[in-house]
Amino acid sequence: MSSDHYSVIDSVLVTECHSYLATIVKVEGSAYRKEGTMMLISDKGMEKGLLTGGCVEQDLLARIAMQESDEAFLMEYDLRSEDDLSWGQGVGCDGKIYILVEPITFETRNVFLQLNSLLQNGHKVKLVKVFNKVNKYIENSLKTNIEEENTSIVSLDTEDRLIFNQILYPRPKLIIYGAGPDVKPVVYFASKAGFYVILSDWRQAYCSEETIPYAKEYHIGTPSKVMEEINPTENDYVITISHSFMKDQEIVKYLLQRKVKYFGLLGSRKRSERLLAGIIKPDWIHYPVGLPIYSESPEEIAISIIAELIKTKNEKKAVAREQL
C-alpha cells in the first residue's frame with residue numbers, strides 16, 4: 001500500500017470544501033503509478049496525492065471545474081505516444097490509465113470513517129467501488145473477510161458497469177527507542193513514508209512532541225517497560241538509536257524472545273555482534289541499520305534507514321509483481 005493512501009484517506013475525513021476523489025482503476029501497459037492510486041482534488045485546486053508525473057492532473061482539475069452536477073465519471077488517458085500533442089507529453093510512459101472520479105459525499109465520508117477505524121485497529125480491508133456508467137451513480141462498500149492477495153483489480157468492466165476492488169493494509173508501525181537529536185529526521189521521514197511512528201526513551205525531556213514532532217505516540221520508560229506497553233508484533237518495525245549499550249542490550253534480549261518484521265541496530269557491526277553475544281543473527285535483525293549509501297549527516301543516515309524500511313516493506317509485493 002502506497003504511503004500517500006494514508007494521507008488521502010485522512011484528507012477525505014477532514015476536507016470541508018467541495019472535493020473529488022480520483023482513483024486509478026485500470027492500467028494497460030506501464031504507467032508511473034499503479035491501480036489503486038488515489039488523489040483528492042478540491043474545487044479550490046488543493047490536491048493530496050499524485051496520480052501521474054503531472055501528465056493528467058491539470059486536465060482532471062479542468063474537467064471537475066466544468067462539472068454542472070455532482071456525479072462520478074470515468075476518464076481514459078493514453079500515455080503511450082511520445083509526441084508533445086498527446087497525453088504522453090513526450091515522456092513515453094507506454095501505458096493507458098483509467099481514472100474513476102467521484103464526488104466526496106456524506107456517504108463517502110461515512111465509508112472512509114469506517115475504513116480508517118478498521119485500518120487503525122489493524123484490519124486488512126477491501127474497498128469495493130461499484131460504478132454505474134449509465135446513471136453515473138457510484139457506491140463504496142467495505143469487506144474485512146479477505147483471503148486473496150491481489151491489492152487492486154477490476155473484477156467487472158462492461159458497457160454499463162464497473163466494479164473495482166482494492167485491498168488496503170494498516171499503516172506499518174515503526175517503534176523507535178532513543179530520542180536524541182539525530183532521531184528527529186528519522187521520525188520525520190518515516191512519518192512522510194507512511195509509517196505509524198512510536199517514539200520512546202527513558203528521558204522525558206527528550207521524548208515529546210515539542211522536541212521531536214511527527215510521531216503518533218510517545219512512551220517514557222526503560223526498554224523492557226516500553227516494549228511491554230507497546231507489545232510489538234511480527235508485523236512491526238523496531239529501531240534502537242539510544243547510543244547506550246546497556247539499553248540496546250535490554251531491547252535485543254527482549255526482542256530475541258519474540259519476532260518482529262524488522263529490527264535495526266544503530267552502530268558498527270562489531271558493536272552489534274557484541275549485543276547479540278554469540279547468538280546466530282535472525283534474518284529480521286539488521287546491522288548496521290540502513291542501506292549502505294555512505295551516509296554521514298543525520299539526514300543522510302535517516303534517509304538510508306527509511307530506504308531500508310521501505311525495501312523490507314515492499315519486497316514481497318515486488319517479488320509477486322515480477323512473477324506476473
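The values are calculated or read from the model by the stated rules, or taken from the named source; none is laboratory data. These figures come from a predicted structure and were not determined experimentally. Heads up, the Cβs are rebuilt from the backbone with ideal geometry, glycines too, and the neighbour counts pull from every protein chain shown. Just so you know, the surface numbers come from the protein's heavy atoms only, side chains and all, with ligands and any DNA or RNA stripped out. Shrake-Rupley method; radii C 1.70, N 1.55, O 1.52, S 1.80 Å.
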Taking protein heavy atoms only, a 1.4 Å probe, and rounding to whole percent, the accessible area of the chain owed to carbon and sulfur comes out at 50 percent
XL table K126/K259; K34/K143; K129/K173; K173/K247; K143/K259; K173/K270; Cα-Cα > 25 Å flagged, in table order, is K126/K259; K129/K173; K143/K259; K173/K270
Stokes-Einstein, Kirkwood over Cα pairs, the stretch 193-324, 10 °C, 1.306 mPa s; D in µm²/s equals 100 µm²/s
Length gained, L142-R161, 0.36 nm per residue minus C-alpha separation, equals 5.0 nm
Here the net charge surrounding W284, from other residues whose Cβ is less than 11 Å away from its Cβ (Lys, Arg +1; Asp, Glu -1), is +1
With the convex hull built on the alpha-carbon atoms of the stretch 105-241, volume per residue in Å³ sits at 131 Å³
Summed over the other residues with a beta carbon less than 12 angstrom from that of E234, with K and R at +1 and D and E at -1, the charge totals +3
Taking N as the number of residues in the stretch 236-285, the ratio of its alpha carbon radius of gyration to 2.2 N^0.38 Å works out to 1.01
Under the Karplus relation with 6.51, -1.76 and 1.60 and θ = phi - 60°, whole-Hz ³J(HN,Hα) for the stretch 242-252, x at Gly and Pro, equal 7, 6, 10, 4, 5, 5, 4, 4, 5, 5, 4
accessible surface per residue for the chain, probe 1.4 Å, DNA/RNA/ligands not counted, whole Å² -> 52 Å²
For Y218, the accessible surface traced by a 1.4 Å probe with all protein chains present amounts, in square angstrom to the nearest 10, to 60 Å²
For D4, the accessible surface traced by a 1.4 Å probe with all protein chains present amounts, in square angstrom to the nearest 10, to 30 Å²
When the charge dipole of the chain is computed with +1 at the Cβ of Lys and Arg and -1 at the Cβ of Asp and Glu, the Cα pointing farthest to the positive end, of L74, P292, G267, is that of G267
Restricting to aspartates and glutamates and to Cα separations under 19 Å from K124, and discarding same-chain partners fewer than 8 apart, the set is D4, D10, E35, E147, E148, E149, E234, D236, E315
Dividing the alpha-carbon radius of gyration of the chain by 2.2 N^0.38 Å, where N counts its residues, gives 1.13
